[in-house]
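J.: Can you keep this structure in mind? I'll have questions shortly.
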Amino acid sequence: MFLGNLGSLRYFLPEIAVTATILLLVVLHVASNRRTSAAPALLSLLGVGTAILLVGVSPAGGGKSIFEGMAAYDGFAVFFKGLTSLATVVVILMSMDSTELAGRSQAEYYIFLLATLLGMFLLSSATDIVMVYLSLELVSIPSYLLAGYLKGKEDSVEAAMKYVVYGATASGVMIYGFSLLFGLTGSTQIAEIGRSLVAGKATLPMLLAAVMAAVGFGYKIAAVPFHMWSPDVYEGAPTPATAFFSIGPKAAGFAVLVRFYYTVFASPTPGTGIWHLTTSVDWPLLFAVLSALTMTVGNLVAVKQNNVKRLLAYSSIAHAGYMLMGFVLLSSAGIEAILFYLVVYLFMNLGAFYVVVLVGNGTKGEDIADFSGLGSRAPFAAVSLAVFLFALTGIPPFSGFIGKLYLFAEVIHRGVYWLAVVAALNSVVSLYYYARIVKVMFLEEPKDTAALPVPAVTRAMLVLLVAPTLILGVYWEPVARIASNSVKMLAF
Amino acid sequence: MNGPSDFIFYAAAALTVGSAILVATLPNIIYAAVALLFAFAGVAGLYVFLSADFLAATQVLVYVGGILVLILFAVFLSNRLADVKISNPGHFHLPAAAVCLVLFGVLSYTAVSTPFAVKTAVYLPTTADIGEMLMTRYLLPFEVASVLLLAALIGAALLSRPERGTPEKADMEEGRG
């Protein structure tokens, strides 16, 4: 039933590539005298590129339980491995462009980045609570270090500190919940736990376990009320790291959220693409309320922000709220909508952060005022940012609209009308603060009229991020098909 | 199980909980660290009662012997930390106490009322079993933990490296060292 350790290795090649790259980076770091050279960045690009390639050619016939039942090899995990490594590639390129990181020792930064990537790979495939906890920590601990990478900069240190304190508390609560599950069922395998809970009558400990696990996962995806860390961390961390946090760990958090709750507390009804609850714990209702709270708090607080990184932090909280809508529906179409939204969100959000990095390089500031007159100083970057922001709002014909359309359609199809209304109202609010940046860029006089140089390579990168944001708005069928296939292969 | 063994169990439990409360409430970080020593020792005692001999020994060796000494070193070596009363500023005492009491009530009620499957303790050596499990069923977590520790180690080195002037100069200094 389970593949043994040796037999699992051929389904584990992307992870091996990333681990090998981490070890090579360590060797390179020790051997080289020039701490600020670009070699670690290039090596990481090569390593993650290899990992993407290996994810792409990964053996078909998913639905295997590998490493004695510790992890799953299925389309769902492969999807998230591809998504997170793609995000990492963009973040590596962004980091090479950023002046914030220039002049600092490089190798450690990429070691942490790749260790987080490995953690995300494992988190999206973990099927044992030991593995879930360990890979969550493997995502978290290097992330703390990334947040505090600008040593000596007070914001960055504060970010790391808050991240550690919140992270430790959240994972402590989560593992208490896991211990309840282990106590009830005597197993650490999530599939086994799910089967044992069906017969159980102990409602209170199951409810506690569901809530406590929600704390740990909710912290990773920055859902309200576990979002307190995110604005400060997003503001203080180096901007490329912020961009990374806003998509990578969040995507992996959604992966483990879906796999955990859909295995432990629900079971698929064969042939319908619908899951049913197996216990009396009504966690979809809990998460529906969290989803509404998350998008509302995220959007309302974003309106008041003057720092663009903080604004994008709240915007990313709001987007987690939208995606949670797909999670509570107990249908495969709902999960498909999340996966599709994550792809769209990857491009538009990383794109927005890329422009923030560029402006930060030029003006040394991240306030909305620093973006004034960007339309005349760097027209290309300004137009790109406008595209990303409108896509984030969810206006047609940009890809964000299609992403939201899938989510809304499924929410209405499953009859959760109140959630759809809340989400629609929220989209209107979000237009205000996204459009405010666009207004500042094009309608206000620049503080500094000198042109902001955008190197050709960066321009090419922006094109590569703008293109999917636009194309997925009119021709999204291939990505939707990939998402749908990935969910079909969700195996336990 | 009655008589002396019960008494020892409750003593170990009281030691653990009591010291943990002290860790949270003592304002002086050195005192808190020493209280942590007793909490760790108490947990080792609880492991003995769970017939986990290897874990109990590891707890003493790694936590009491290693990690605690490291914490004390960290406190002693960072000269500002030993004097500053950083823990527990007096904010939100009442709301926090209320929330904690409710949480304590719910958790302890759950622990007492739930019919957990209880296994009777069998006092046999566990070391060989643990060793075998680590190399077979739990091989993946075991290896993943090593990557995690590597990243944490590099992070610790990065954080503790003193701030220097210009990066180029720092490189030359490191090259000589």
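J.: If you take the residues in region A:328-380 that are touching an Asp or Glu at 6+ places or on another chain (Cβ under 9 Å), small (Gly, Ala, Ser) and within 30 Å of A:VAL78 (Cβ to Cβ), which one is most open to solvent (accessible area, probe 1.4 Å)?
T.: Out of the qualifying residues, it is A:ALA333.
J.: Only one residue in A:ALA191, A:ALA241, A:ALA213 is open to solvent by 10 Å² or more (accessible area, probe 1.4 Å), part of a helix (DSSP H, G or I) and out of contact with any Pro (no Cβ under 8 Å at 6 or more places or on another chain), so which one is that?
T.: Numbers: A:ALA241 fails: open to solvent by 10 Å² or more (accessible area, probe 1.4 Å); A:ALA213 fails: open to solvent by 10 Å² or more (accessible area, probe 1.4 Å).
Testing whether each residue is open to solvent by 10 Å² or more (accessible area, probe 1.4 Å), part of a helix (DSSP H, G or I) and out of contact with any Pro (no Cβ under 8 Å at 6 or more places or on another chain) leaves just A:ALA191.
J.: Follow-up question, since we're still on this one. Scan region A:100-110 and tell me whether some residue there is among the charged types (D, E, K, R), at the interface with chain B (Cβ under 9 Å from one of its Cβ atoms), part of a helix (DSSP H, G or I) and touching a Phe, Trp or Tyr at 6+ places or on another chain (Cβ under 9 Å). Steps first, answer last, please.
T.: Residues of region A:100-110 among the charged types (D, E, K, R): A:100, A:104, A:108.
From the residues that got through so far, the ones that are at the interface with chain B (Cβ under 9 Å from one of its Cβ atoms) too are A:104, A:108.
Cutting the leftovers down to part of a helix (DSSP H, G or I) gives us A:108.
Retained after the next criterion (residues that are touching a Phe, Trp or Tyr at 6+ places or on another chain (Cβ under 9 Å)): A:108.
So far as region A:100-110 goes, yes, one or more of its residues are among the charged types (D, E, K, R), at the interface with chain B (Cβ under 9 Å from one of its Cβ atoms), part of a helix (DSSP H, G or I) and touching a Phe, Trp or Tyr at 6+ places or on another chain (Cβ under 9 Å).
J.: Quick test of your reading of the structure: A:LYS151 fulfils all but one of (1) of a type in the set (Lys, Arg); (2) within 14 Å of chain B (Cβ to nearest Cβ); (3) buried (at least 24 other Cβ atoms within 10 Å of the Cβ). Name the failing condition by number.
T.: Status for A:LYS151: all satisfied but (3).
J.: Identify the residue in region A:84-99 that is crowded, with 24+ Cβ neighbours inside 10 Å and of a type in the set (Gly, Ala, Ser) and, among all such residues, is farthest from the other protein chains (Cβ to nearest Cβ).
T.: Going through the qualifying residues, I end up with A:ALA87.
J.: Right, another one. Look through region B:108-119, keep the residues that are out of contact with any Pro (no Cβ under 9 Å at 6 or more places or on another chain) and assigned to a loop (DSSP other than H, G, I, E, B), and return whichever of them is most open to solvent (accessible area, probe 1.4 Å).
T.: Keep residues of region B:108-119 that are out of contact with any Pro (no Cβ under 9 Å at 6 or more places or on another chain), which gives B:108-109, B:112, B:115, B:117-119.
With the extra rule that they be assigned to a loop (DSSP other than H, G, I, E, B), the set shrinks to B:115, B:117-119.
On the way: B:PRO115: 108, B:ALA117: 91, B:VAL118: 130, B:LYS119: 185 Å².
Restricting to residues being out of contact with any Pro (no Cβ under 9 Å at 6 or more places or on another chain) and assigned to a loop (DSSP other than H, G, I, E, B), the top hit is B:LYS119.
J.: While we're here: Mind checking which residues of region A:21-34 are within 11 Å of another protein chain (Cβ to nearest Cβ) and either open to solvent by less than 80 Å² (accessible area, probe 1.4 Å) or on the phi > 0 side of the Ramachandran plot (or both)? Walk me through it before giving the result.
T.: Step one: list which residues in region A:21-34 are within 11 Å of another protein chain (Cβ to nearest Cβ), which gives A:22-23, A:25-26, A:29-30, A:32-34.
Listed by number, the residues that qualify are A:ILE22, A:LEU25, A:VAL26, A:HIS29, A:SER32.
J.: Could you grab me the full set of residues in region A:451-485 that are farther than 27 Å from A:TYR341 by Cα and touching a helix residue (DSSP H, G or I) at 6+ places or on another chain (Cβ under 7 Å)?
T.: Selection gives A:ALA451, A:LEU452, A:VAL454.
J.: If you don't mind, another one. What pairs come up if the first residue lies in region A:282-293 and is of a type in the set (S, T, N, Q), the second is in a helix (DSSP H, G or I), and their beta carbons are under 6 Å apart, counting only those six or more places apart or on different chains?
T.: A:SER291/A:GLY321; A:SER291/A:LEU324; A:SER291/A:MET325
J.: Has region A:105-118 got at least one residue that is farther than 30 Å from B:PRO162 by Cα, open to solvent by less than 10 Å² (accessible area, probe 1.4 Å) and aliphatic (A, V, I, L, M)? It would help to see each step written out before you state the result.
T.: Filtering region A:105-118 down to residues farther than 30 Å from B:PRO162 by Cα leaves none.
No, every residue in region A:105-118 fails to be farther than 30 Å from B:PRO162 by Cα, open to solvent by less than 10 Å² (accessible area, probe 1.4 Å) and aliphatic (A, V, I, L, M).
J.: Within region B:17-33, track down each residue that is under 18 Å from B:LEU70 (Cα atoms) and free of Cβ contacts under 8 Å to residues at least 24 places away in the same chain. Working first, answer last.
T.: Just the residues of region B:17-33 that are under 18 Å from B:LEU70 (Cα atoms), to begin with: B:23, B:28-33.
B:VAL23, B:TYR31, listed by residue number.
J.: Within region A:216-238, take every residue that is under 21 Å from A:MET325 (Cβ atoms) and aliphatic (A, V, I, L, M) and give me the one that is surrounded by the fewest Cβ atoms within 10 Å (Cβ to Cβ). I'd like the intermediate steps shown before the answer.
T.: The initial filter retains those residues of region A:216-238 that are under 21 Å from A:MET325 (Cβ atoms), namely A:216-227, A:230.
Within this subset, residues satisfying the condition of being aliphatic (A, V, I, L, M) are A:221-224.
Values: A:ILE221: 27, A:ALA222: 29, A:ALA223: 29, A:VAL224: 24.
Looking at the filtered set, the residue picked out is A:VAL224.
J.: Could you look through region B:120-145, keep only residues that are under 21 Å from the mean Cα position of the chain (by Cα) and at the interface with chain A (Cβ under 10 Å from one of its Cβ atoms), and pick out the one that is surrounded by the most Cβ atoms within 10 Å (Cβ to Cβ)?
T.: B:VAL144
J.: Of a type outside the set (S, T, N, Q), without any contact (Cβ under 8 Å) to a residue 12 or more places away in the chain and open to solvent by 20 Å² or more (accessible area, probe 1.4 Å): is that true of A:GLY172 in this structure?
T.: The answer is yes for A:GLY172.
J.: I'm told A:SER58 meets every condition in (1) in a helix (DSSP H, G or I); (2) in contact with a Leu (Cβ under 8 Å, 6 or more places away or on another chain) except one. Can you identify the failing condition by its number?
T.: Result: A:SER58 fails condition (1) only.
J.: Residue by residue through region B:17-33, note down the ones that are assigned to a helix (DSSP H, G or I) and open to solvent by 20 Å² or more (accessible area, probe 1.4 Å). Working first, answer last.
T.: Residues of region B:17-33 assigned to a helix (DSSP H, G or I): B:17-25, B:29-33.
Selection gives B:VAL17, B:GLY18, B:ALA20, B:ILE21, B:LEU22, B:VAL23, B:ALA24, B:THR25, B:ILE29, B:ILE30, B:TYR31.
J.: To continue, here is another question. Restricting the search to region A:48-83, which residues are within 14 Å of chain B (Cβ to nearest Cβ), closer than 19 Å to A:LEU339 by Cα and aromatic (Phe, Trp, Tyr)?
T.: Within region A:48-83, A:TYR73 is the sole residue that qualifies.
J.: Can you pull out the residues in region B:34-70 that are open to solvent by 60 Å² or more (accessible area, probe 1.4 Å), under 23 Å from B:PHE7 (Cβ atoms), without any contact (Cβ under 8 Å) to a residue 60 or more places away in the chain and not hydrophobic (A, V, I, L, M, F, W, C)?
T.: Result: B:TYR47, single match.
J.: Take A:VAL383 and decide whether it is open to solvent by 20 Å² or more (accessible area, probe 1.4 Å), assigned to a helix (DSSP H, G or I) and free of Cβ contacts under 8 Å to residues at least 12 places away in the same chain. Before the answer, list the steps.
T.: Working: open to solvent by 20 Å² or more (accessible area, probe 1.4 Å): yes; assigned to a helix (DSSP H, G or I): yes; free of Cβ contacts under 8 Å to residues at least 12 places away in the same chain: yes.
Spelling it out, A:VAL383 is indeed open to solvent by 20 Å² or more (accessible area, probe 1.4 Å), assigned to a helix (DSSP H, G or I) and free of Cβ contacts under 8 Å to residues at least 12 places away in the same chain.
J.: Going by the conditions given, is A:ILE274 at pLDDT below 95 and open to solvent by less than 10 Å² (accessible area, probe 1.4 Å)?
T.: Numbers: at pLDDT below 95: yes; open to solvent by less than 10 Å² (accessible area, probe 1.4 Å): no.
Against the criterion (at pLDDT below 95 and open to solvent by less than 10 Å² (accessible area, probe 1.4 Å)), A:ILE274 does not qualify.
J.: Would it be correct to say that A:LEU257 is open to solvent by 10 Å² or more (accessible area, probe 1.4 Å) and either among the basic types (Lys, Arg) or outside any loop (DSSP other than H, G, I, E, B) (or both)?
T.: Values: open to solvent by 10 Å² or more (accessible area, probe 1.4 Å): no; either among the basic types (Lys, Arg) or outside any loop (DSSP other than H, G, I, E, B) (or both): yes.
For A:LEU257, the condition - open to solvent by 10 Å² or more (accessible area, probe 1.4 Å) and either among the basic types (Lys, Arg) or outside any loop (DSSP other than H, G, I, E, B) (or both) - is not met.
J.: Does region B:160-167 contain any residue that is within 23 Å of the chain's Cα centre (by Cα), more than 7 Å from every other protein chain (Cβ to nearest Cβ), at pLDDT below 90 and within 18 Å of A:GLU108 (Cα to Cα)? Give the steps one after another, and end with the answer.
T.: Step one: filter region B:160-167 for residues within 23 Å of the chain's Cα centre (by Cα), giving B:160.
Among the residues that remain, those that are also more than 7 Å from every other protein chain (Cβ to nearest Cβ) are: B:160.
Within this subset, residues satisfying the condition of being at pLDDT below 90 are B:160.
Of the ones still in play, those that are also within 18 Å of A:GLU108 (Cα to Cα) are B:160.
Scanning region B:160-167 turns up at least one residue that is within 23 Å of the chain's Cα centre (by Cα), more than 7 Å from every other protein chain (Cβ to nearest Cβ), at pLDDT below 90 and within 18 Å of A:GLU108 (Cα to Cα).
J.: Still on this structure, I have one more. For A:SER37, work out the one condition from (1) open to solvent by less than 40 Å² (accessible area, probe 1.4 Å); (2) outside any helix (DSSP H, G or I); (3) touching a Pro at 6+ places or on another chain (Cβ under 8 Å); (4) not acidic (Asp, Glu) it doesn't fulfil.
T.: Condition not satisfied by A:SER37: (3).
J.: Sort through A:ALA337, A:ALA420, A:ALA369 and tell me the only one that's within 19 Å of A:VAL303 (Cβ to Cβ), in a helix (DSSP H, G or I) and of a type in the set (A, V, I, L, M). Give the derivation first.
T.: On the way: A:ALA337 fails: within 19 Å of A:VAL303 (Cβ to Cβ); A:ALA420 fails: within 19 Å of A:VAL303 (Cβ to Cβ).
Result: A:ALA369 is the single residue among A:ALA337, A:ALA420, A:ALA369 that is within 19 Å of A:VAL303 (Cβ to Cβ), in a helix (DSSP H, G or I) and of a type in the set (A, V, I, L, M).
The values are calculated or read from the model by the stated rules, or taken from the named source; none is laboratory data. Nothing here was measured: the structure is a model prediction, and the numbers come from that model. Quick reminder, even Gly has a Cβ in these numbers, built from the backbone with ideal geometry, and neighbours come from all protein chains shown. Keep in mind that these areas ignore ligands, DNA and RNA; they rest on the heavy atoms of the full protein, side chains included. Shrake-Rupley method; radii C 1.70, N 1.55, O 1.52, S 1.80 Å.
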